[in-house]
Amino acid sequence: MTDFFRWDGGDLILFCHLQPAAKTNGFAGLHGDRLKIRLRAPALEGRANAALIDFLSEAFAVSKVDIELESGSQSRQKRVRIKSPERLPELAGLSRLDP
């Protein structure tokens, strides 16, 4: 098992570390045992959380309602459930997330 993700049936659970207010949106490798994600949105009034859902929705080809923030709504450390991802992106040179 890779530390930054696990499969729960057909759902993908990602363990993320966010960097809000970055220059660009994107996957940025690992931060400890979590996947680092850079977001342009600031960490104010839920903007970074909304941007994370938008970013992951596009990256994994699912609708926004198929992404659930399970923990860490007020933290940079988050656990996110992606329901039945349609696409598995290459993550900053990391191995694919094949189940």
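Every number in this text was worked out from the coordinates using simple rules, so none of it is lab data. None of the values given here were measured: they were computed from a predicted structure.
Couplings 3J(HN,Hα) for segment 4-10, derived from phi with the Karplus relation 6.51 cos²θ - 1.76 cosθ + 1.60 (θ = phi - 60°), are 7, 8, 8, 9, 10, x, x Hz, where x marks Gly and Pro. For Lys83, the lysines whose Cα falls under 21 Å of its own Cα, not counting residues fewer than eight places away in the same chain, are Lys36, Lys64.
Scalar couplings 3J(HN,Hα) for segment 84-89, obtained by applying the Karplus form with A = 6.51, B = -1.76, C = 1.60 to θ = phi - 60°, are 6, x, 7, 9, 10, x Hz; x denotes Gly and Pro.
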